[in-house]
Amino acid sequence: MGKGKPFLEVLASAIHEDYRFPFLEVFAFLYALGTFVFASFGVTITAQGGTSEAIVYEAITPLLSIPLFIFIILVFKNIAYGLGSDLEKGIIQTYFSYPLKRRGILTAKLLSALGVALLIFLGIQISALYILAPDIVLPQLDTVLLMYAANLSYPLLIAGIMLLLTLKLRRGGITLVAGIVLYFAMSIISAIATVIAFATESPLALQIISVISPSLALQQYYLGIFDFWTPAFSEVILYTGASYVVVAFVFFLGYTYFSRRLNL
Amino acid sequence: MKRWTALLGRGGTVLIAISLALFLVSLIPPWQLGSGDGITEVPAGTFSPLNNAPPFFQPLKSYYDTVLTPQQGVQMELTANGTITAYILEVNTQTIFNWISEQQQVPAQDLNVTRLEEFLQAHPNSIGWQQEINKETIEHTYIPTKVTNVTIVYSNPSSENIGVNHSYRQKSFIAPGNKVRNIALWTTPIGFILAIPWLANLWKQRKQH
């Protein structure tokens, strides 16, 4: 038997567990509803004098708000409860009997937990953008993709941290709470960083935050809220790239722990 | 085979869920973002953007300039006491004045009707809608197909001064209702076709257990 079939077996089993009927349908419904309802607050009068990229930014920002939160809840549920309960109940040990390396098993679990959720999230969002403002999606595709990349990096980072916590604690409940706390902590940390930046008139605090949450740099690039910091477009790309390096490192730690240190 | 049925079936149920959300979205009524009523005096042989200034401030100009999206529209009612042409242009008034000033080497506030014609010849894509009004009242709702600046301009090539009464309501829609409803109407049957074999399987299995 090739490696492909056991991988698909684990993936199918993970998808079956993570998206039991009607979980997937409820989340798809909420994604679609959230996307359209909040999109209506779209472009404000401030876009009038702005560039077309700034208009795109202002159009997509409200579109992202609630669906991104729904995406995070779904991913947290899948990682904390899905993987957590698999570890608690010993289902992971069953997978170890498959002719598949440990990293293959974790990849299948993450593809289900993160990949499918991301696919539905992006599928609905981009389709909605195409329905609502067809002129935005195609001509400004690079801006649209950059916005999604910048806004998704922090949730992915928390997902990585949750993966580590789940593997370490082997429990879903505590990890889920930690993930939600971490997610909301970012808004508090951003507020503190903003106060510090204003007080010192130095963008350092905001730049540090941008390394893990590049949406802040992107917001500053398009809207220019602070006078003392105007990042260049290349700088925004750099922050986004750096944030994904951090995300990749956290997932690498997760893979290393799962492959070598997890005693099951 | 069973796995393919499950995969297609779940795809179908997801399509049904999304269609349901789209149906709900299409049922939400629009809400008003802003409105304006007033009169714009258009002297003979000139053009003028819709003036929002109250009648006693008419010498002051407060032109109607806004940004609309495919989710926002302007519903208007225009009444003229002569023959004029009303345009909805997908630019802001400043763009028109700047173009006249730069291209025609004349002061920006030269509102001669030929300047507008020259601008429209140079920018035919900027015309979102146009209609001749001949001593009558017309109603029109304009919803752009893209995110765009919008202004309303009256052109009076006649030799008489004309007053145009306007009443407009800017509205915001959750989504372009017809478009969203059509998508939902197409995806719902596809979803059911995909989901029925899987749902039937599920029903059989539940019955057996």
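Scan the range B:87-139 for residues that are small (Gly, Ala, Ser) and under 23 Å from the mean Cα position of the chain (by Cα) and the total you get is 3.
The residues of the range A:121-139 that are within 10 Å of another protein chain (Cβ to nearest Cβ) and either at pLDDT below 85 or surrounded by 21 or more Cβ atoms within 10 Å (Cβ to Cβ) (or both), listed by number, are A:124, A:128, A:131, A:132, A:133, A:134, A:135, A:136, A:139.
Evaluate the following for residue B:93: is it within 14 Å of chain A (Cβ to nearest Cβ) and in contact (Cβ under 8 Å) with a residue 40 or more places away in the chain? The answer is yes for residue B:93.
Here residue B:48 does not qualify as within 14 Å of chain A (Cβ to nearest Cβ) and surrounded by 16 or more Cβ atoms within 10 Å (Cβ to Cβ). Tell me whether the range A:32-45 contains one or more residues that are modelled with pLDDT under 90, assigned to a helix (DSSP H, G or I), at the interface with another protein chain (Cβ under 9 Å from one of its Cβ atoms) and farther than 28 Å from residue B:188 by Cβ. Within the range A:32-45 (the criterion being modelled with pLDDT under 90, assigned to a helix (DSSP H, G or I), at the interface with another protein chain (Cβ under 9 Å from one of its Cβ atoms) and farther than 28 Å from residue B:188 by Cβ), the answer is yes, since at least one residue qualifies.
Rundown of residues vs (1) farther than 23 Å from residue B:67 by Cβ; (2) assigned to a helix (DSSP H, G or I); (3) small (Gly, Ala, Ser); (4) assigned by TED's automatic domain parsing to the domain that holds residue B:92, yes/no style:
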{"residue": "B:110", "(1), (2), (3), (4)": "yes, no, no, yes"}
{"residue": "B:116", "(1), (2), (3), (4)": "no, yes, no, yes"}
{"residue": "B:128", "(1), (2), (3), (4)": "no, no, yes, yes"}
{"residue": "B:133", "(1), (2), (3), (4)": "yes, no, no, yes"}
{"residue": "B:149", "(1), (2), (3), (4)": "no, no, no, yes"}
{"residue": "B:154", "(1), (2), (3), (4)": "no, no, no, yes"}
{"residue": "B:160", "(1), (2), (3), (4)": "yes, no, no, yes"}
{"residue": "B:188", "(1), (2), (3), (4)": "yes, yes, no, no"}
{"residue": "B:191", "(1), (2), (3), (4)": "yes, yes, yes, no"}
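Can you say whether residue B:96 is under 23 Å from residue A:59 (Cβ atoms) and buried (at least 21 other Cβ atoms within 10 Å of the Cβ), as far as the supplied structure shows? Judged against the criteria, residue B:96 is not a match. In the set B:112, B:165, B:161, B:182, only one residue is within 14 Å of chain A (Cβ to nearest Cβ) and either β-branched (Val, Ile, Thr) or surrounded by fewer than 18 Cβ atoms within 10 Å (Cβ to Cβ) (or both); that residue is B:182. Scanning the range A:18-31 for residues that are touching a residue at least 60 places away in the same chain (Cβ under 8 Å) and either in a helix (DSSP H, G or I) or at the interface with another protein chain (Cβ under 7 Å from one of its Cβ atoms) (or both) yields A:18, A:24, A:27, A:28, A:31.
The number of residues in the range A:164-193 that are buried (at least 22 other Cβ atoms within 10 Å of the Cβ) and under 13 Å from the mean Cα position of the chain (by Cα) comes to 1. Tallying residues that are within 14 Å of chain A (Cβ to nearest Cβ) and either on the phi > 0 side of the Ramachandran plot or touching a helix residue (DSSP H, G or I) at 6+ places or on another chain (Cβ under 9 Å) (or both) within the range B:145-158 yields 6. Identify all residues within the range B:1-32 that are of a type outside the set (Phe, Trp, Tyr), within 10 Å of chain A (Cβ to nearest Cβ) and not in a helix (DSSP H, G or I); write none if there are none. Once the filter is applied, which keeps residues that are of a type outside the set (Phe, Trp, Tyr), within 10 Å of chain A (Cβ to nearest Cβ) and not in a helix (DSSP H, G or I), the range B:1-32 yields B:28, B:30. If you check A:251, A:198, A:258, A:226 for being outside any helix (DSSP H, G or I) and of a type outside the set (Val, Ile, Thr), only one passes: A:226. Evaluate the following for residue B:52: is it in contact with a strand residue (DSSP E or B) (Cβ under 8 Å, 6 or more places away or on another chain), modelled with pLDDT under 90 and assigned by TED's automatic domain parsing to the domain that holds residue B:149? Answer is yes for this residue.
Conditions tested, residue by residue: (1) part of a strand (DSSP E or B); (2) over 22 Å from the mean Cα position of the chain (by Cα); (3) more than 16 Å from residue B:129 (Cα to Cα).
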| site | (1), (2), (3) |
| --- | --- |
| B:34 | yes, no, yes |
| B:38 | yes, no, yes |
| B:41 | yes, yes, yes |
| B:44 | no, yes, yes |
| B:61 | no, yes, yes |
| B:66 | yes, no, no |
| B:70 | no, no, no |
| B:73 | yes, no, no |
| B:77 | yes, no, no |
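The values are calculated or read from the model by the stated rules, or taken from the named source; none is laboratory data. Because the structure is a prediction, the values reported are computed rather than measured. Note that each Cβ is placed from the backbone with ideal geometry, even for glycine, and that neighbours are counted across all protein chains shown.
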